[in-house]
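Below: the structure, in C-alpha coordinates.
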Amino acid sequence: MPRLSRDQMRGKAQTVQGLVDPAVLGSTLMHEHLIWDLRPPPLRQGDQGEEPGLANHWGMTTSVAGSPANLHQPSVEVAIEAVAEAVAHGCQTIVELTIGGISPNPNGLKQVSDATGCHIVMGCGHYVEEYQPPENHHRSIDDFAAEMVSQVQEGLWGTEVRAGLLGEIGCQNPWTPLERRVLEAALMAQKETGAALTIHPGRRQDQPQEVMEFIKARGGDPSRTIMDHIDRTVFDEDALFRLADTGVVLEWDLFGQESCLYPLNPDVDMPNDAGRLRAMRKILDRGHRGQIVIAHDICHRSHMTRWGGWGYAHIHRIIIPLMRRRGFSEAEIKEILVDTPRRLLTFI
(Lines give C-alpha, C1' and ligand atoms only; values in the text may rest on other atoms or scores of the structure.)
Protein backbone atom coordinates (compact mmCIF):
# COMPACT_ATOMS: atom_id res chain seq x y z
CA MET A 1 0.00 0.00 0.00
CA PRO A 2 1.40 3.44 -0.88
CA ARG A 3 2.76 5.36 2.06
CA LEU A 4 0.92 8.61 2.77
CA SER A 5 3.02 11.72 3.18
CA ARG A 6 2.60 14.24 5.99
CA ASP A 7 1.36 16.77 3.43
CA GLN A 8 -1.32 14.37 2.16
CA MET A 9 -2.59 13.84 5.71
CA ARG A 10 -2.39 17.40 7.03
CA GLY A 11 -5.82 18.96 7.59
CA LYS A 12 -7.64 15.65 7.17
CA ALA A 13 -8.90 12.91 9.49
CA GLN A 14 -8.33 9.21 8.85
CA THR A 15 -11.04 6.60 9.28
CA VAL A 16 -10.96 2.91 8.42
CA GLN A 17 -12.30 3.99 5.02
CA GLY A 18 -9.38 6.36 4.40
CA LEU A 19 -8.77 10.10 4.62
CA VAL A 20 -11.85 12.28 5.09
CA ASP A 21 -12.74 15.91 5.59
CA PRO A 22 -12.92 16.35 9.40
CA ALA A 23 -16.18 18.25 8.95
CA VAL A 24 -17.99 14.96 8.29
CA LEU A 25 -17.06 13.39 11.65
CA GLY A 26 -19.90 14.97 13.62
CA SER A 27 -20.80 13.69 17.08
CA THR A 28 -17.92 11.50 18.25
CA LEU A 29 -17.31 8.92 20.97
CA MET A 30 -13.57 9.19 21.63
CA HIS A 31 -12.84 5.87 23.33
CA GLU A 32 -14.57 2.57 22.57
CA HIS A 33 -13.86 -1.05 21.75
CA LEU A 34 -16.03 -2.82 19.18
CA ILE A 35 -14.07 -6.01 18.51
CA TRP A 36 -11.57 -6.95 21.20
CA ASP A 37 -9.94 -9.54 23.44
CA LEU A 38 -9.11 -8.23 26.91
CA ARG A 39 -8.48 -11.65 28.39
CA PRO A 40 -4.97 -11.64 29.88
CA PRO A 41 -2.92 -14.00 27.67
CA PRO A 42 -2.78 -16.80 30.31
CA LEU A 43 -6.60 -16.88 30.32
CA ARG A 44 -7.01 -17.25 26.56
CA GLN A 45 -6.84 -21.03 26.76
CA GLY A 46 -8.90 -23.48 28.76
CA ASP A 47 -12.18 -22.90 30.59
CA GLN A 48 -13.69 -19.55 29.67
CA GLY A 49 -16.36 -19.61 32.36
CA GLU A 50 -20.01 -18.79 31.96
CA GLU A 51 -21.38 -16.66 29.17
CA PRO A 52 -22.67 -13.18 30.09
CA GLY A 53 -26.41 -12.76 30.25
CA LEU A 54 -29.23 -11.10 32.14
CA ALA A 55 -29.12 -13.56 35.05
CA ASN A 56 -25.46 -12.85 35.87
CA HIS A 57 -25.22 -9.26 34.60
CA TRP A 58 -24.61 -7.66 38.02
CA GLY A 59 -21.82 -10.08 38.88
CA MET A 60 -20.21 -9.71 35.47
CA THR A 61 -20.02 -5.92 35.78
CA THR A 62 -18.98 -5.59 39.43
CA SER A 63 -16.73 -8.56 40.21
CA VAL A 64 -12.98 -8.96 39.77
CA ALA A 65 -13.73 -12.66 39.29
CA GLY A 66 -15.84 -12.09 36.18
CA SER A 67 -15.79 -14.76 33.49
CA PRO A 68 -13.03 -14.58 30.83
CA ALA A 69 -15.79 -15.01 28.24
CA ASN A 70 -17.07 -11.56 29.17
CA LEU A 71 -13.75 -9.99 28.11
CA HIS A 72 -13.82 -11.27 24.52
CA GLN A 73 -16.00 -9.87 21.70
CA PRO A 74 -14.75 -11.18 18.32
CA SER A 75 -17.99 -10.94 16.31
CA VAL A 76 -18.26 -8.46 13.44
CA GLU A 77 -22.03 -9.09 13.32
CA VAL A 78 -22.45 -8.21 16.99
CA ALA A 79 -20.41 -5.04 16.50
CA ILE A 80 -22.56 -4.04 13.51
CA GLU A 81 -25.72 -4.45 15.58
CA ALA A 82 -24.27 -2.41 18.46
CA VAL A 83 -22.94 0.42 16.29
CA ALA A 84 -26.17 0.65 14.30
CA GLU A 85 -27.99 1.35 17.57
CA ALA A 86 -25.58 4.22 18.36
CA VAL A 87 -25.93 5.66 14.86
CA ALA A 88 -29.72 5.57 15.16
CA HIS A 89 -29.44 7.84 18.20
CA GLY A 90 -27.11 10.41 16.64
CA CYS A 91 -23.56 9.04 16.92
CA GLN A 92 -21.58 9.68 13.74
CA THR A 93 -18.00 8.67 14.63
CA ILE A 94 -16.46 6.12 17.00
CA VAL A 95 -12.79 6.07 17.94
CA GLU A 96 -11.86 2.40 18.35
CA LEU A 97 -8.79 1.86 20.52
CA THR A 98 -8.25 -1.89 20.33
CA ILE A 99 -4.49 -1.96 19.74
CA GLY A 100 -1.50 -4.30 20.01
CA GLY A 101 -2.05 -7.02 22.60
CA ILE A 102 -5.86 -6.95 22.67
CA SER A 103 -6.62 -8.36 19.20
CA PRO A 104 -7.29 -5.46 16.81
CA ASN A 105 -9.31 -6.34 13.71
CA PRO A 106 -8.94 -3.52 11.14
CA ASN A 107 -10.76 -5.30 8.31
CA GLY A 108 -13.57 -6.28 10.67
CA LEU A 109 -13.99 -2.64 11.67
CA LYS A 110 -14.12 -1.63 8.03
CA GLN A 111 -17.00 -4.08 7.61
CA VAL A 112 -18.74 -2.46 10.58
CA SER A 113 -18.30 0.97 9.04
CA ASP A 114 -19.53 -0.27 5.64
CA ALA A 115 -22.66 -1.77 7.19
CA THR A 116 -23.60 1.10 9.52
CA GLY A 117 -22.32 4.28 7.86
CA CYS A 118 -20.48 5.14 11.08
CA HIS A 119 -17.03 6.70 10.72
CA ILE A 120 -14.60 4.54 12.69
CA VAL A 121 -11.15 5.83 13.59
CA MET A 122 -8.61 3.25 14.75
CA GLY A 123 -5.82 3.76 17.24
CA CYS A 124 -2.41 2.08 17.09
CA GLY A 125 0.54 1.10 19.27
CA HIS A 126 0.56 -1.23 22.28
CA TYR A 127 -1.46 -1.74 25.44
CA VAL A 128 -0.03 -2.36 28.93
CA GLU A 129 2.96 -4.67 29.36
CA GLU A 130 0.93 -7.65 30.57
CA TYR A 131 -0.62 -7.89 27.09
CA GLN A 132 2.50 -7.30 25.02
CA PRO A 133 4.35 -10.21 23.39
CA PRO A 134 7.72 -11.28 24.88
CA GLU A 135 9.66 -9.97 21.86
CA ASN A 136 8.59 -6.40 22.66
CA HIS A 137 10.91 -6.42 25.67
CA HIS A 138 13.87 -6.42 23.29
CA ARG A 139 12.66 -3.74 20.89
CA SER A 140 14.09 -0.22 20.76
CA ILE A 141 12.25 3.07 21.04
CA ASP A 142 13.09 3.79 17.40
CA ASP A 143 11.62 0.44 16.34
CA PHE A 144 8.35 1.10 18.16
CA ALA A 145 8.20 4.61 16.69
CA ALA A 146 8.75 3.35 13.13
CA GLU A 147 6.01 0.77 13.63
CA MET A 148 3.47 3.41 14.76
CA VAL A 149 4.38 5.78 11.93
CA SER A 150 3.84 2.91 9.50
CA GLN A 151 0.47 2.09 11.11
CA VAL A 152 -0.68 5.66 10.47
CA GLN A 153 0.82 6.13 7.01
CA GLU A 154 0.70 2.61 5.49
CA GLY A 155 -1.56 0.17 7.35
CA LEU A 156 -2.33 -1.62 10.59
CA TRP A 157 -1.38 -5.19 11.46
CA GLY A 158 -0.79 -6.35 7.88
CA THR A 159 -3.88 -4.67 6.39
CA GLU A 160 -4.48 -1.60 4.22
CA VAL A 161 -6.53 0.07 6.98
CA ARG A 162 -4.63 2.98 8.52
CA ALA A 163 -4.76 4.40 12.06
CA GLY A 164 -6.15 7.86 12.73
CA LEU A 165 -4.44 8.50 16.07
CA LEU A 166 -1.83 7.01 18.41
CA GLY A 167 -2.95 4.91 21.36
CA GLU A 168 -4.46 4.11 23.74
CA ILE A 169 -0.84 3.75 24.81
CA GLY A 170 -0.82 1.52 27.87
CA CYS A 171 0.68 2.70 31.18
CA GLN A 172 0.09 1.19 34.58
CA ASN A 173 1.03 1.48 38.24
CA PRO A 174 3.87 0.92 38.76
CA TRP A 175 4.86 2.26 35.37
CA THR A 176 7.18 -0.20 33.64
CA PRO A 177 10.31 0.54 31.56
CA LEU A 178 8.74 -1.15 28.51
CA GLU A 179 5.64 1.04 28.74
CA ARG A 180 7.83 4.14 29.03
CA ARG A 181 9.68 3.13 25.85
CA VAL A 182 6.41 2.66 23.96
CA LEU A 183 5.14 6.07 25.11
CA GLU A 184 8.40 7.77 24.15
CA ALA A 185 8.11 6.10 20.75
CA ALA A 186 4.54 7.36 20.42
CA LEU A 187 5.77 10.90 21.05
CA MET A 188 8.28 10.48 18.24
CA ALA A 189 5.54 9.12 15.96
CA GLN A 190 3.31 12.04 16.89
CA LYS A 191 5.94 14.53 15.76
CA GLU A 192 6.39 12.71 12.46
CA THR A 193 2.72 12.13 11.61
CA GLY A 194 0.84 15.04 13.23
CA ALA A 195 -1.57 12.62 14.89
CA ALA A 196 -3.11 13.06 18.33
CA LEU A 197 -2.07 10.78 21.20
CA THR A 198 -4.37 9.06 23.69
CA ILE A 199 -3.09 7.43 26.89
CA HIS A 200 -4.35 4.74 29.26
CA PRO A 201 -2.89 5.83 32.65
CA GLY A 202 -2.16 3.64 35.64
CA ARG A 203 -4.66 3.40 38.48
CA ARG A 204 -2.96 5.86 40.83
CA GLN A 205 -4.22 9.41 41.21
CA ASP A 206 -0.89 11.11 40.51
CA GLN A 207 0.09 8.84 37.62
CA PRO A 208 -1.57 11.00 34.92
CA GLN A 209 0.42 13.97 36.22
CA GLU A 210 3.60 11.86 36.12
CA VAL A 211 2.85 10.90 32.53
CA MET A 212 2.29 14.53 31.55
CA GLU A 213 5.61 15.55 33.10
CA PHE A 214 7.26 12.77 31.07
CA ILE A 215 5.56 14.05 27.90
CA LYS A 216 6.41 17.72 28.45
CA ALA A 217 10.05 16.85 29.22
CA ARG A 218 10.27 15.22 25.79
CA GLY A 219 8.67 18.07 23.88
CA GLY A 220 5.21 16.54 23.54
CA ASP A 221 2.14 18.63 22.85
CA PRO A 222 -0.37 18.50 25.76
CA SER A 223 -3.09 20.10 23.62
CA ARG A 224 -2.96 17.05 21.31
CA THR A 225 -2.71 14.54 24.14
CA ILE A 226 -5.75 12.85 25.68
CA MET A 227 -5.63 11.44 29.21
CA ASP A 228 -8.11 8.58 29.38
CA HIS A 229 -10.15 7.22 32.30
CA ILE A 230 -10.23 10.37 34.41
CA ASP A 231 -13.36 9.04 36.12
CA ARG A 232 -11.58 6.01 37.62
CA THR A 233 -8.29 7.75 38.36
CA VAL A 234 -8.51 11.36 39.56
CA PHE A 235 -10.86 12.08 42.46
CA ASP A 236 -9.24 15.03 44.25
CA GLU A 237 -10.29 18.42 42.89
CA ASP A 238 -6.84 19.98 43.28
CA ALA A 239 -5.23 17.04 41.46
CA LEU A 240 -7.79 17.38 38.68
CA PHE A 241 -7.11 21.10 38.31
CA ARG A 242 -3.31 20.56 38.29
CA LEU A 243 -3.74 18.03 35.52
CA ALA A 244 -6.00 20.37 33.54
CA ASP A 245 -3.41 23.14 33.93
CA THR A 246 -0.94 21.07 31.87
CA GLY A 247 -3.19 21.66 28.85
CA VAL A 248 -3.99 17.97 28.36
CA VAL A 249 -7.42 16.90 27.12
CA LEU A 250 -9.34 15.12 29.89
CA GLU A 251 -11.42 12.11 28.93
CA TRP A 252 -14.36 10.91 31.02
CA ASP A 253 -14.94 7.63 29.24
CA LEU A 254 -16.81 5.31 31.59
CA PHE A 255 -20.29 6.71 31.04
CA GLY A 256 -22.91 4.06 31.78
CA GLN A 257 -21.01 2.57 34.71
CA GLU A 258 -23.36 3.67 37.47
CA SER A 259 -22.03 1.53 40.33
CA CYS A 260 -19.49 2.83 42.85
CA LEU A 261 -17.91 -0.63 42.74
CA TYR A 262 -14.84 -0.69 40.51
CA PRO A 263 -13.49 -4.24 40.30
CA LEU A 264 -10.05 -3.22 39.01
CA ASN A 265 -9.43 -0.97 42.03
CA PRO A 266 -11.77 -1.78 44.93
CA ASP A 267 -10.14 0.97 47.03
CA VAL A 268 -11.87 3.75 45.08
CA ASP A 269 -15.51 4.76 44.82
CA MET A 270 -16.44 5.28 41.19
CA PRO A 271 -18.66 8.24 40.31
CA ASN A 272 -21.95 7.70 38.56
CA ASP A 273 -22.88 9.62 35.42
CA ALA A 274 -24.12 12.62 37.40
CA GLY A 275 -20.78 12.71 39.23
CA ARG A 276 -18.95 12.68 35.92
CA LEU A 277 -20.96 15.65 34.73
CA ARG A 278 -20.28 17.54 37.97
CA ALA A 279 -16.53 17.07 37.51
CA MET A 280 -16.74 18.19 33.88
CA ARG A 281 -18.74 21.23 34.94
CA LYS A 282 -15.97 22.25 37.35
CA ILE A 283 -13.39 22.02 34.58
CA LEU A 284 -15.49 24.14 32.23
CA ASP A 285 -16.26 26.73 34.91
CA ARG A 286 -12.53 27.04 35.58
CA GLY A 287 -12.00 28.05 31.97
CA HIS A 288 -10.59 24.87 30.44
CA ARG A 289 -12.48 25.04 27.17
CA GLY A 290 -11.63 22.46 24.53
CA GLN A 291 -10.15 20.06 27.11
CA ILE A 292 -12.98 17.53 27.53
CA VAL A 293 -14.03 14.50 25.50
CA ILE A 294 -16.30 11.62 26.53
CA ALA A 295 -17.10 7.98 25.75
CA HIS A 296 -18.17 4.67 27.33
CA ASP A 297 -14.98 2.55 26.93
CA ILE A 298 -17.13 -0.51 26.36
CA CYS A 299 -14.79 -3.49 26.73
CA HIS A 300 -16.95 -6.17 28.37
CA ARG A 301 -19.80 -7.92 26.63
CA SER A 302 -21.96 -7.20 29.69
CA HIS A 303 -21.64 -3.48 28.82
CA MET A 304 -23.48 -4.05 25.51
CA THR A 305 -27.26 -3.92 25.20
CA ARG A 306 -27.38 -7.44 23.76
CA TRP A 307 -26.20 -8.69 27.16
CA GLY A 308 -28.17 -6.30 29.35
CA GLY A 309 -25.78 -3.33 29.40
CA TRP A 310 -26.07 0.35 28.47
CA GLY A 311 -24.47 0.12 25.03
CA TYR A 312 -22.84 2.63 22.71
CA ALA A 313 -26.00 4.77 22.36
CA HIS A 314 -26.12 5.63 26.08
CA ILE A 315 -24.41 9.02 25.77
CA HIS A 316 -26.66 10.13 22.91
CA ARG A 317 -29.84 8.66 24.40
CA ILE A 318 -29.37 9.52 28.09
CA ILE A 319 -26.37 11.75 28.79
CA ILE A 320 -26.90 14.57 26.29
CA PRO A 321 -30.45 15.21 27.60
CA LEU A 322 -29.06 14.99 31.15
CA MET A 323 -26.37 17.53 30.26
CA ARG A 324 -29.07 19.94 29.14
CA ARG A 325 -30.97 19.47 32.39
CA ARG A 326 -27.74 20.05 34.32
CA GLY A 327 -27.14 23.42 32.66
CA PHE A 328 -24.66 22.56 29.91
CA SER A 329 -25.18 24.92 26.99
CA GLU A 330 -25.63 23.70 23.43
CA ALA A 331 -22.27 25.24 22.60
CA GLU A 332 -20.59 23.31 25.43
CA ILE A 333 -22.21 20.03 24.36
CA LYS A 334 -21.11 20.61 20.76
CA GLU A 335 -17.59 21.44 21.90
CA ILE A 336 -17.33 18.18 23.89
CA LEU A 337 -18.86 15.87 21.29
CA VAL A 338 -18.02 17.54 17.97
CA ASP A 339 -15.50 20.37 18.04
CA THR A 340 -12.79 18.99 20.34
CA PRO A 341 -12.86 15.48 18.80
CA ARG A 342 -12.68 17.02 15.32
CA ARG A 343 -9.67 19.12 16.32
CA LEU A 344 -7.90 16.12 17.80
CA LEU A 345 -8.64 13.80 14.87
CA THR A 346 -7.37 16.32 12.31
CA PHE A 347 -3.73 15.75 11.37
CA ILE A 348 -1.54 18.83 11.70
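The values are calculated or read from the model by the stated rules, or taken from the named source; none is laboratory data. Because the structure is predicted, anything quoted here is derived from the model rather than measured. As a convention, Cβ positions derive from the backbone with ideal geometry for all residues, glycine included, and neighbour counts pool all protein chains shown. Heads up: the accessible areas ignore ligands, DNA and RNA and are worked out on the full protein's heavy atoms, side chains in. Shrake-Rupley method; radii C 1.70, N 1.55, O 1.52, S 1.80 Å.
Taking 0.36 nm per residue of separation and subtracting the Cα-Cα distance, what length does fully extending GLU237 through LYS191 add? Walk me through the intermediate numbers first.
Details: separation 46, 0.36 × 46 = 16.56 nm, distance 3.19 nm.
Full-extension gain reported as 13.4 nm.
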Subject >> Euclidean distance between Cα centres, region 111-144 to region 209-258, Å >> reply: 21 Å
**OP:** Starting from the Cα-Cα distance between ASP339 and GLU51, subtract it from 0.36 nm times their residue separation and give me the gain in nm to one decimal.
**Re:** 99.8 nm
**OP:** Figure the gain on full extension for THR305 and THR62 (residue separation times 0.36 nm, minus the Cα-Cα span) and round it to one decimal in nm.
**Re:** 85.8 nm
**OP:** For ARG281 paired with GLU258, estimate the spin-label separation in nm (one decimal), with each label point 7 Å from Cα along the Cα-to-Cβ line.
**Re:** 1.9 nm
Original post:
Ranked highest first by average number of other Cβ atoms within 10 Å, how do 186-197, 126-137, 228-239 line up?
Top reply: 186-197, 228-239, 126-137
Subject >> Point-to-point label distance, ALA115-GLU160, nm (Cα→Cβ direction, 7 Å offset) >> reply: 2.1 nm
Original post:
Picking from ILE94, ASN136, PRO106, whose Cα lies most toward the positive end of the charge dipole for the chain (charges on Cβ: Lys, Arg +1; Asp, Glu -1)?
Top reply: ILE94
Original post:
Taking the C-alpha atoms of the chain, how large are the radius of gyration and the largest Cα-Cα span, Dmax, in Å?
Top reply: 18.5, 53
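With +1 on each Lys and Arg Cβ and -1 on each Asp and Glu Cβ, and nothing else charged, work out how big the dipole of region 1-153 is about its Cα centre, in Debye to the nearest 20. Could the numbers behind the result be given before it?
On the way: 8 positive and 18 negative charges, 98 e Å.
Once rounded to the nearest 20, the dipole reads 460 debye.
Counting Lys and Arg as +1 and Asp and Glu as -1, each charge on the Cβ, what is the dipole of region 80-220 about the Cα centre in debye, to the nearest 20?
So the magnitude is around 280 debye.
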Original post:
By accessible area of protein heavy atoms, probe 1.4 Å, what ranking do GLU332, GLU50 get, highest first?
Top reply: GLU50, GLU332
Original post:
Given Cα pairs under 8 Å that are at least 6 residues apart, what percent is the relative contact order of region 238-296?
Top reply: 48 percent
Original post:
Which percent, to the nearest 5, of DSSP beta bridges fully inside the chain are antiparallel?
Top reply: 20 percent
Original post:
Label GLU213 and ASP245 with points 7 Å out from Cα along Cα→Cβ: what is the distance between them in nm?
Top reply: 1.4 nm
**OP:** Starting with the highest mean, order 336-343, 297-304 by the number of other Cβ atoms within 10 Å, averaged over the residues of each peptide.
**Re:** 297-304, 336-343
Original post:
Between VAL248, MET270, VAL234, whose Cα lies farthest towards the positive end of the dipole of region 231-274 when Lys and Arg beta carbons carry +1 and Asp and Glu beta carbons carry -1, centred on the Cα centre?
Top reply: VAL248
Subject >> Beta bridges per DSSP with both ends in region 1-122, % antiparallel, nearest 5 >> reply: 40 percent
